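Each remark here refers to the structure printed beneath this line.
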Amino acid sequence: MSRSIVIILLLLTQGSVFNILAGNKAPLSVTSARGDSPGFSQIALTTFTEVRDIISKRHFSTDTSSRQWGEICKKYEPMATRSRSQKELLAVLNRMCGELKQSHFQVMPPVGRSHRKIKSSLRSSGNPTEINDIPKTRSSKAVTNLNVPADTGIRATQAGDIICVHRVRPGSPAAKAKVVPGDQILEVRGLRINPGNEVDIPWTFIVRRLLSGRPGTFVTVKLLDPNTKKIRTVKLEKEPLDTQWIKFGVLPRTFGTFTYKILPGNIAYIYISHCFLPQIVKFRETIGELPEINGIILDLRDNPGGMLLSASGFVGLLCDKQLDIGKLDMRGLILTPKAYPQAEAYTGPVAVLINRDTGSAAEIMAAALQDHKRAALFGETTSGKCLQSEFMQLSTGYRLQAATGDYVRSSGKRIEGTGVAPDYPVKLDQKSLSRNHDTVLDAAKQYLKNRK
């Protein structure tokens with residue numbers, strides 16, 4: 001099998017190939033790998049060396065890996081080898097990777113519960129608040145399948161400098177507790193939600209993870225009503241979702257959701273939380289069964305990405321001819337993904353909603369539709385985090401995400417560091433949300449109505 005075919009078959013989550021390279025050598029003891037134990041100096045040196053060598057060999061730019069990266073590593077090697085704990089080592093290695101000023105570079109601790117990564121990120125940002133443990137109390141209601149994703153029914157987003165409730169699923173625990181759009185989320189599980197503190201992962205993603213988990217567990221959420229200024233705390237149960245867990249190698253499992261409804265004006269609204277295979281399948285089924293409509297609004301806000309090639313699959317269901325999706329450059333190996341028209345394809349008007357946390361594969365999808373004038377984009381400029389990367393487990397048990405490919409859109413522009421700008425800039429307004437008006441969605445609806 002050719003190298004190109006092998007790469008095409010690999011999955012990318014948040015634009016990242018999960019290429020698990022553990023197995024060449026046995027991992028060192030987990031106790032030692034977690035730091036604060038005898039022999040940690042050797043753990044630190046080995047981890048540093050593997051991070052340095054892997055990035056040098058796999059970075060998409062040979063110029064960067066041979067010159068700039070070498071100088072960066074010389075600067076950080078003494079600090080890494082002097083580390084005496086896992087926390088200290090991770091801080092040094094992530095500062096070192098950060099010197100490249102590119103997305104999709106991070107060193108993570110040995111595999112553990114997913115919220116440990118969040119805690120580590122927040123501590124390094126100076127946020128002193130601890131995340132409470134997941135409550136052990138189970139609901140008295142019978143839960144037939146505990147091995148499916150569950151959440152409270154809250155969809156969170158960032159509006160200005162706050163995180164607030166974007167939507168509440170009808171009939172969900174949040175809806176029953178009278179949580180409404182526009183409510184500012186102050187705390188989740190004792191964690192202060194403060195977007196003013198920069199962290200490695202988007203705050204919307206942090207909140208989403210804290211509000212989801214296993215069915216029957218509970219989570220406490222502190223909310224501020226923007227109209228009355230009253231603060232209240234609600235305890236919400238997590239209820240099972242109609243989706244499935246997705247596991248990529250050494251990373252914590254995650255899941256994606258899909259929402260479809262017909263809005264007034266005979267407009268189809270489709271929300272895709274991630275670009276995973278189940279969402280592609282549901283998108284195809286939905287497109288194939290659409291009634292006569294006046295347009296589609298595709299909501300990619302807060303979508304961090306998924307499978308790289310999902311962009312081709314999604315776009316292929318919205319075009320009537322072959323389209324160039326862009327170019328992926330991996331140290332001189334060039335791939336040029338295409339979108340091929342499907343029999344069920346919808347060819348009417350399309351509006352796409354994007355924001356600052358639309359990332360990676362979702363950015364590629366939005367860019368392709370914009371470049372070929374297949375859709376109009378509404379909202380805010382996307383995250384600009386659009387590099388192919390690989391996730392690897394090191395021999396010490398630590399995990400490394402390293403960018404190995406650069407993506408260029410079909411227009412010739414890079415997405416990394418720039419993002420995808422909307423055709424119609426619109427900011428999400430918290431007060432409007434509290435009155436059940438989504439300013440970005442409203443603008444897209446008006447656009448489609450004018451095209452009738």
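The values are calculated or read from the model by the stated rules, or taken from the named source; none is laboratory data. Predicted model, so just to flag it, every value in this text is computed and none were measured. With ideal geometry, Cβ positions are generated from the backbone for all residues, glycine too; neighbour counts draw on all protein chains shown. Quick note on the areas: whole protein, heavy atoms, side chains included, nothing else; ligands and nucleic acids left out. Shrake-Rupley method; radii C 1.70, N 1.55, O 1.52, S 1.80 Å.
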Residue among Ser85, Ser66 that is at pLDDT below 95, open to solvent by 10 Å² or more (accessible area, probe 1.4 Å) and within 28 Å of Ile334 (Cα to Cα) | Ser66
Hits in the range 225-247 - residues which are in contact (Cβ under 8 Å) with a residue 60 or more places away in the chain, closer than 30 Å to Ala444 by Cα and within 22 Å of the chain's Cα centre (by Cα) = Leu241, Thr243
Qualifying positions in the range 158-209 - in a loop (DSSP other than H, G, I, E, B) and either under 20 Å from Asn227 (Cβ atoms) or acidic (Asp, Glu) (or both) | Gly160, Asp161, Ala177, Lys178, Val179, Val180, Pro181, Gly182, Asp183, Ile193, Glu198, Asp200
Those residues that are of a type in the set (D, E, K, R) and in contact with a strand residue (DSSP E or B) (Cβ under 7 Å, 6 or more places away or on another chain), I need them from the range 360-377; list them, please.
-> Arg374
In the range 387-400, which residues are assigned to a strand (DSSP E or B), at pLDDT 90 or above and open to solvent by 10 Å² or more (accessible area, probe 1.4 Å)?
-> Gln393, Arg399
Out of the residues in the range 248-289 that are in contact with a Phe, Trp or Tyr (Cβ under 6 Å, 6 or more places away or on another chain) and open to solvent by 30 Å² or more (accessible area, probe 1.4 Å), which is farthest from Gln446 (Cα to Cα)?
-> Gly249
Of the residues in the range 333-359, those that are of a type in the set (Ser, Thr, Tyr), within 20 Å of Ala268 (Cα to Cα) and touching a strand residue (DSSP E or B) at 6+ places or on another chain (Cβ under 7 Å) come to Tyr346
Check whether at least one residue in the range 168-177 is modelled with pLDDT of 95 or more, buried (at least 19 other Cβ atoms within 10 Å of the Cβ) and among the basic types (Lys, Arg), and report yes or no.
-> no
Over the range 234-247, the set of residues surrounded by fewer than 15 Cβ atoms within 10 Å (Cβ to Cβ) and either among the hydrophobic types (A, V, I, L, M, F, W, C) or in contact with an Asp or Glu (Cβ under 8 Å, 6 or more places away or on another chain) (or both) is Trp245
Lys282 vs (1) outside any loop (DSSP other than H, G, I, E, B); (2) in contact (Cβ under 8 Å) with a residue 40 or more places away in the chain: all pass except (2)
Criterion (farther than 17 Å from Met108 by Cβ and open to solvent by less than 40 Å² (accessible area, probe 1.4 Å)) met by exactly one of Phe48, Phe60 | Phe60
Positions within the range 334-355 being part of a loop (DSSP other than H, G, I, E, B) and not aliphatic (A, V, I, L, M), in sequence order | Thr336, Pro337, Tyr340, Pro341, Gln342, Glu344, Tyr346, Thr347, Gly348, Pro349, Asn355
Determine if the range 213-224 includes at least one residue that is open to solvent by less than 60 Å² (accessible area, probe 1.4 Å), touching a residue at least 12 places away in the same chain (Cβ under 8 Å), on the phi < 0 side of the Ramachandran plot and of a type in the set (Lys, Arg).
-> no
Any idea which residue in the range 120-149 is modelled with the lowest pLDDT, counting only those that are over 30 Å from Leu90 (Cβ atoms) and among the small types (Gly, Ala, Ser)?
-> Ser140
Which ones in the range 306-333 are modelled with pLDDT under 90, in a loop (DSSP other than H, G, I, E, B) and small (Gly, Ala, Ser)?
-> Gly332
Whichever residue in the range 401-418 is free of Cβ contacts under 8 Å to residues at least 60 places away in the same chain and not in a strand (DSSP E or B) and, among such residues, is surrounded by the most Cβ atoms within 10 Å (Cβ to Cβ) | Ile415
Of the criteria (1) farther than 21 Å from Thr157 by Cα; (2) assigned to a strand (DSSP E or B); (3) in contact with a helix residue (DSSP H, G or I) (Cβ under 6 Å, 6 or more places away or on another chain), which one Gly265 fails = (2)
